[in-house]
1. Note down the magnitude of the dipole of the chain about its Cα centre, charges +1 on Lys and Arg C-beta and -1 on Asp and Glu C-beta and zero elsewhere, to the nearest 20 debye.
2. Which one, Tyr13, Ile207, Met258, projects farthest toward the positive side of the charge dipole computed for the chain from Cβ point charges (K/R +1, D/E -1)?
3. Using the per-residue mean of other Cβ atoms lying within 10 Å as a proxy for protection, in what order, highest first, do the peptides 241-248, 188-195, 127-134 fall?
4. Could you give the length gained by full extension between Glu177 and Asp209, i.e. 0.36 nm per residue of separation minus their alpha carbon distance, to one decimal place?
5. List the residues, sorted by chain then number, that are 5 or more residues from Tyr219 or on another chain and whose placed amide H is less than 5 Å from its amide H.
6. Output the peptides 174-181, 29-36 sorted from most to least packed, where packing is the average of other Cβ atoms within 10 Å over each peptide's residues.
7. Exactly which chymotrypsin sites (Phe, Trp or Tyr not before Pro) in the range 178-241 are in a DSSP loop and have at most 16 other Cβ atoms within 10 Å?
8. Output the 0 to 90 degree angle, nearest 10, between the alpha-carbon long axis of helix 161-176 and the longest principal axis computed from the alpha carbons of the chain.
Amino acid sequence: MTPLKVSNLTKTYPGFFLDHISFSLAPGKITGFIGRNGAGKSTTLKSLLNFVHPDSGEITFFGLDFAEQEQTIKSRIGYVAGAFDQYGKKKLKTISAVTAPFYPGWDEAVYRACMQRFHLDENKTPEALSAGMKVKYALTLALSHGAELLILDEPTSGLDPVSREDLLEVFLDLCEEGKTILFSTHITSDLEKCADHILYIQNGKLIADAKIGDFVNSYRLVQFETDLPDAKYAEKLCGVRRAKTGATGLIHTEDAGMIDLPAQPADLETIMVHLEKEGTV
């Protein structure tokens, strides 16, 4: 069963329109959600969880309509942000004890196993934890009530490279255990290491919904000796950025053979910064 399906989701703010967003998540996979600040990532995620009320559209989790089955659905999903800042001076065991009664499916054995798995000391307070350990504690709470779908909003933001790698390994382990993950992040290199699929939002529009390998392989990068490429290349380029020497241009892979310059593979971050420069795909 599809963990999450979104159809024609819209939300209007002054100066911004979330434009008929539609996608679905494959079970047991990691789907990356990218886009620059203000593109609509947060509005989409908040709409999924009813933190904001969308103007129109349909959201179903596990085949259940969110508007009709919100309480049941929320018992089956977990939301994890980049830092756990609630109750900063309370001990973890106190926060856990307060949280557990809200979830009929809370499993104390799973909670204890996660605390041990993530090396969490329940006598510590959130403010005494590192950023990475805060994320692991938030994951512990979600897994303890049986969350099947994890919605991660910038979970690796601000972490050092080693801590980020540790969390990515956790996410991969969770997928092997059957969990589904929607992973919103600005750190595109993290997605290349763990994600199966990519959703790319730009100015309120979903401009890419594809396997991450297919998306990355659909573009190539070319190098120019001057800041402004020759006009004969302009119509083929998806975006241009200045480089230390000259400039770089992004081009669709199928068009790379039509220009007389060598083209090389581009990573996800390079693709994104070129597309955002030009605002096209």
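1. Details: 29 positive and 38 negative charges, 154 e Å.
Computed charge dipole of the chain: roughly 740 debye.
2. Value: Tyr13.
3. On the way: 241-248: 13.5, 188-195: 19.5, 127-134: 17.2.
Peptide ranking by packing, descending: 188-195, 127-134, 241-248.
4. Numbers: separation 32, 0.36 × 32 = 11.52 nm, distance 2.45 nm.
Working it through step by step, the gained length comes to 9.1 nm.
5. Correct list: Thr253.
6. Numbers: 174-181: 16.9, 29-36: 22.2.
Order by mean packing, descending: 29-36, 174-181.
7. Details: sites: Phe183, Tyr200, Phe215, Tyr219, Phe224, Tyr233; in loops: none.
Answer by residue number: there is no such site.
8. Result, in degrees: 70.
All of the numbers you see were taken from the coordinates with simple rules; none came from a lab. Just so we're clear, the structure is a prediction, and the values are computed from it rather than from any experiment. Every residue, glycine among them, receives a Cβ derived from its backbone with ideal geometry; neighbour counts consider all protein chains shown.
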